[in-house]
Amino acid sequence: MTAGTGVPPEVARSAIQWWLLQQDGDMPEPQRRAWQAWRAADALHEQAWQRIVSVNERLAGLAQPQQAAIARAALAPRGPARRRRVAQALAVLAFGAGVAWQVERHTPWMNWVADVRTARGERRRLVLEDGTQLVLNGATALDIGYGPRLRRLRLLEGEVLVTTAPDSRRPARPFIVQTAAGEAQALGTRFAVRALDGGVSQVAVFEGAVRLTPGQAAGDALVLQAGQQATLRAEGVSAPRPAHEDSTAWTEGMLVARGMPLADMLAALQPYSAARLACAPEVAQLRVSGTYPLDDVPRVLAALDALPGLRVRSLTRWWGHQEVVAEAAPR
């Protein structure tokens, strides 16, 4: 719970997210209905919203330093930095510093206002100012921070394939990809970083090497060599295991599965599907092989539905949300 307010951080984040959406102009009617439903769903939701409203009303006088701070943030030029400052100041004023930290690290709107982002089903290639090449998978969001001493990408969501270029500055600036789990520092290399649920990251190296440093256990850093991959968590790094070049086939619009667990395959398809893809526990470890087109997810799901013992069906959840569930076929 949030100290002094009784509002859990996740509820406060949602309230701030709804407030930010309203600042962009008139809400579309479906979005307005969803906002009203959110408020009505739980008394804590309404409590958080009324706290936001109260803050806005007090802003009119701008009498206190905190109120002036949020007003200055709101008047700054539009863009990612403006939204971060507004939400940070609003969280401090309405809910306290603890929630402000949570907002900075975990609010979904940060992905929407990232420096670079891709939609579902979209892939994008970029060349950075130093010649480093990026390929972004679908539903990916990242911030780019090049400074005098460091080159840093902050991966907020999704997956990116990085081919680093030598830095022309002297001394050469380190190149780091930061995720919720920690940091991946390139040591002259080509590598992929994927942000998974739960603040976990997957890093695979195809050329050169990468040093992985967990966010909460810097002493447990591990250097991955070409042909290796590992799972990065804030608490540590898994043991290295083989990494296959065909895991980057998504850059060409294909998914190559070689005995891939069904749950992992659906996770790889998710950036290309508007519907949520779910997997029943009893079939999560079913091994799937083949080459599949990422840009035709319905065709891939139809192929999975044809597998013996497996059924793939579509469901309509609350507020019209679509979900596709892979489960054991009825006998």
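Among the residues that make up the range 222-236, is at least one of them part of a strand (DSSP E or B), in contact with an Asp or Glu (Cβ under 7 Å, 6 or more places away or on another chain) and within 17 Å of Glu159 (Cα to Cα)? The answer is no; no qualifying residue exists. Considering Ala243, Ala230, Ala217, Ala209, the condition of being surrounded by fewer than 20 Cβ atoms within 10 Å (Cβ to Cβ) and under 20 Å from Arg190 (Cβ atoms) is satisfied by Ala209 alone. The set of residues in the range 133-154 that are open to solvent by 10 Å² or more (accessible area, probe 1.4 Å) and part of a strand (DSSP E or B) comprises Gln133, Val135, Asp143, Ile144, Gly145, Tyr146, Arg151, Arg152, Arg154. Among the residues of the range 302-331, those identified as open to solvent by less than 70 Å² (accessible area, probe 1.4 Å) and more than 24 Å from the chain's Cα centre (by Cα) are Ala302, Ala303, Leu304, Asp305, Leu307, Gly309, Leu310, Val312, Leu315, Glu327, Ala328, Ala329. Only residues that are open to solvent by 10 Å² or more (accessible area, probe 1.4 Å), at pLDDT 90 or above and farther than 11 Å from Thr132 by Cα were counted in the range 158-168, giving 2.
Every listed requirement among (1) outside any loop (DSSP other than H, G, I, E, B); (2) open to solvent by 30 Å² or more (accessible area, probe 1.4 Å) is met by Ala180 save one, (1). Among the residues of the range 123-132, those that are surrounded by 15 or more Cβ atoms within 10 Å (Cβ to Cβ) and either free of Cβ contacts under 8 Å to residues at least 40 places away in the same chain or outside any loop (DSSP other than H, G, I, E, B) (or both) comprise Arg124, Leu128, Asp130. The set of residues in the range 273-286 being open to solvent by 70 Å² or more (accessible area, probe 1.4 Å), modelled with pLDDT of 95 or more and outside any loop (DSSP other than H, G, I, E, B) consists of Pro281, Glu282. Of the residues Thr248, Thr291, the single one that is under 24 Å from Phe191 (Cβ atoms), among the β-branched types (Val, Ile, Thr) and not in a strand (DSSP E or B) is Thr248.
The values are calculated or read from the model by the stated rules, or taken from the named source; none is laboratory data. Small disclaimer: the values here were computed from a predicted structure and weren't measured. With ideal geometry, Cβ positions are generated from the backbone for all residues, glycine too; neighbour counts draw on all protein chains shown. Note: accessible area is taken over every heavy atom of the protein model, side chains too, but ligands, DNA and RNA are not part of it. Shrake-Rupley method; radii C 1.70, N 1.55, O 1.52, S 1.80 Å.
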